[in-house]
Structure formats: structure tokens, C-alpha cells
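Working notes, beginning with the structure itself.
The values are calculated or read from the model by the stated rules, or taken from the named source; none is laboratory data. Quick caveat: nothing in here was measured; it's all calculated off a predicted structure. Don't worry about glycine lacking a Cβ; one is built from the backbone with ideal geometry, like all the others, and counts go over all protein chains shown. Protein only, heavy atoms only, side chains kept; ligands, DNA and RNA dropped before computing areas. Shrake-Rupley method; radii C 1.70, N 1.55, O 1.52, S 1.80 Å.
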Amino acid sequence: MPGFTIQQPSRENSLILDEGPQKISKQVVIDLGMASLQAIGSDHICKVCISNSGSCCSGCRHLSDRVGCQRRNTSCTAWLCGFIKYVLYETGYLQQWNDFWEQVPGQDFRVDYTPDSFSIHHSLKLPNMRSLSEALAADLQELAQTHIAIGFILTLREKLDKNIDQFMFYHDEPAKQARIRKRIEFLSLPFERFHLALHDFMEKRSALTDEKDGLSS
Ligand code: SF4
Ligand code: SF4
């Protein structure tokens, strides 16, 4: 859900659990989710999406003009649109995101029935990928300006969403996944800035991993 609705930016964007289930409060989970969206850089993408009439908060009774969301809940924090989902898909963090939120009970549409505290066992730890979202936002802005079709980027968002969901669903069918991956590649062909930023991000991440492996060996 749109980054501009952040009202209480939290300090931590990672939660690493020791083995076994751990009690956690609903508020901590929401704060963690909001901080993670900040680390993803969703606000960059939301700005472009909203200016193209794509806000996913549109028409919600909890949305206050110029203030933002008045009822932040677990459901809206967990939910990802096609664009944000795409960033996590390409960086390989989507499964971790899904696993984390699947353990949070009581999610519904624009409201939650999540208890004040509950047990979880999956961690959530995302690196800073704001440069990726900034690059994708610039690509989307350019696409929106150069395509005369109204809502072009919003249609693209829905197609990405659908295909990535299918990709995740067929996790044990490699042939199907390969076909879906091709479709996602085709849909994302115009994201030139994003792909450059992704290349950079992956190189830095693998250099960090090599460094850590070197230290521990
Ligand atoms: S649909 Fe996605 S990009 Fe658009 S405002 Fe909602 S979260 Fe942001
Ligand atoms: S409760 Fe409404 S305004 Fe708040 S994030 Fe969800 S959809 Fe947006």
C-alpha cells in the first residue's frame, strides 16, 4: 500500500528469530512491515502510480486527504501490488515476504482481525533496495508519458501481478515456471533503468556474500 501513508516510520526493518516460534505483537509486525516497505523504496513507485490515478487506497474510508491512512493494519501492510511484487521477485525476496505474512492471522480487505499478540517462526530481513525502486519509478514515469493509452502502466501492473502470482504458485513445476518467467521478462523489457540498477545491486550483494564467506572460512 502506498508509502505516503507512512505515519510512524519504524526504526527496524529486520526481524531475525532464533529457532522455534516467538511471540510478537501486532504493532511490531506492522512497524516492521512499514520499515521494510521503506527499505524497498515503495514510496518512489507509489508517487508515480498515484499521479497516474493508480492508488490502491482509492475510495477507502480510512484514507484522509493530505494525511494518509488512518487505520494502518496488517492486511494492507502485507499486500503487494504488481510493481512492488516485481521488485521482490527480481531480487529473490518475494518468498521470504510471503512466508512472513502468511503466519500473521486475521488479514482481510482493508481491515484486519489480527490479535494483539501471536506466535511466528519465519523471519523478515530485507536489504536496502531503494535505488531499484527509484529506477523502476523513473521507467514507469517515462512509460506513462510516452504511451497514449490511458492507464498503460496500471495494466502493466496487473499483468505483472498475475504472472508473478502464477510463477510462485507453480514452484514445483519448472517447465511452467520457465514459460511464465519468459512472459515476465517480456513485460519488463521497457524497464531499462531498473535492469541496470538490478545488475548493480546483484553484483554488490554477491561481493558482500563472497566477503562474508572469506571471513568465515
Ligand atoms: S498500487 Fe502499488 S504502486 Fe500504486 S499506490 Fe498502491 S502500493 Fe503504490
Ligand atoms: S486501510 Fe485504506 S487507506 Fe489505509 S492502507 Fe489500507 S486501503 Fe489504504
For the range 96-128, run through the chymotrypsin sites (Phe, Trp or Tyr not before Pro) and keep only the ones in DSSP coil with at most 13 other Cβ atoms within 10 Å of their Cβ.
Phe109, Tyr113
Calculate what fraction, in whole %, of the accessible area of the chain sits on carbon and sulfur atoms when a 1.4 Å probe is rolled over the protein chains.
53 percent
Under 11 Å from the 7 Å Cα→Cβ point of Lys47, by amide nitrogen: which residues of the range 132-157?
134-135, 137-138
When all protein chains stay in place, what accessible area (Å², nearest 10, 1.4 Å probe) is found for Met168?
40 Å²
Tyr170 long-range amide H proximity, modeled H, under 5 Å
none
Ignoring everything except DSSP H segments at least 4 long, calculate the 222 nm mean residue ellipticity for the chain; use -39,500 (n - 2.57) per segment, divide by total residues, nearest 500.
-18000 deg cm²/dmol
Using θ = phi - 60° and Karplus 6.51 cos²θ - 1.76 cosθ + 1.60, couplings along the range 112-122 (whole Hz; Gly, Pro as x):
10, 10, 5, x, 4, 8, 7, 9, 9, 9, 9
Potential lengthening between Arg205 and Glu173 on full extension [0.36 nm per residue; Cα-Cα distance subtracted]
8.7 nm
The answer for Gln107, listing residues at least 5 apart or on another chain whose modeled amide H is closer than 5 Å to its amide H, is Tyr113
Loop-only trypsin sites (Lys or Arg not before Pro) in the range 22-112, please: DSSP not H, G, I, E or B, and at most 11 other Cβ atoms within 10 Å.
Arg61, Arg66
Show me, for the range 68-73, the HN-Hα J-couplings you get by feeding each phi into the Karplus relation (A = 6.51, B = -1.76, C = 1.60, θ = phi - 60°), rounded to Hz, glycine and proline as x.
x, 6, 9, 9, 4, 9
Between rounded, prolate and oblate, where does the range 95-216 land on the alpha carbon gyration tensor, with a ≥ b ≥ c its root eigenvalues, rounded for a/c under 1.5, else prolate if a/b exceeds b/c?
oblate
Relative contact order %, the chain, counting alpha carbon pairs below 8 Å whose residues are six or more apart:
26 percent
Hey, can you find the accessible area per residue of the chain for me, probe 1.4 Å, expressed in square angstrom?
57 Å²
³J(HN,Hα), Karplus 6.51/-1.76/1.60, whole Hz, each residue of the range 98-110, x for Gly, Pro:
4, 4, 5, 6, 5, 8, 9, x, x, 8, 8, 7, 6
Using a/c under 1.5 as the rounded threshold, could you call the range 3-192 rounded, prolate or oblate? The axes a ≥ b ≥ c are square roots of the C-alpha gyration tensor eigenvalues, and prolate needs a/b larger than b/c, oblate otherwise.
oblate
Rounded to whole Å, give me the distance from the Cα center of the range 105-128 to that of the range 148-217.
25 Å
